[in-house]
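Please treat every number below as a calculation from the coordinates, not as lab data. Quick caveat: nothing in here was measured; it's all calculated off a predicted structure.
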Amino acid sequence: MDIAIGGRKGSTGTLVASKQALVSAEVRLTTDTDATTIFYVCRERLDDRTLLCLAQGPGQMFGAVALLTANRAARTVTLRQGVPKVEGGIRDAFLAPDHKRVALQTNDGWYLADLSSGRQPQRVFPQLATEGAEVQFWA
């Protein structure tokens, strides 16, 4: 179904949900100042009503990593910043099994962010630097 995001004029999205939970979403936002389109893809589920979203391209109205939350009873969807700004542009994000942390691969290295704290992500795995890698499991 198409949705309006948090009442923001010019925002649209496609939301996929089952009767029990959100499945995925794609969100397009247009800024008020220069009509720039900002696009988020939401594929990882934190819980039944919240998805982890990654900004695609340079526009990041809600940061490179955002959280989309749907309130079915109120028929509203909100998008908010999930992780403070990380230098180097996000290549990928990997959600921890506890759904409270996310590993971020950037052009400058790897970072670990706590989704509930709002604190700046911490750089980890300096030995990997900018090498490509794939998360196989969480310890």
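Averaging the inverse of every distinct alpha carbon separation and then flipping it gives the Kirkwood radius. What is it for the range 66-125, in angstrom units?
Here the Kirkwood hydrodynamic radius works out to 12.4 Å.
List the residues, sorted by chain then number, that are 5 or more residues from Thr106 or on another chain and whose placed amide H is less than 5 Å from its amide H.
When sequence neighbours closer than 5 places are left aside, the close amide H contacts are Arg91, Tyr111.
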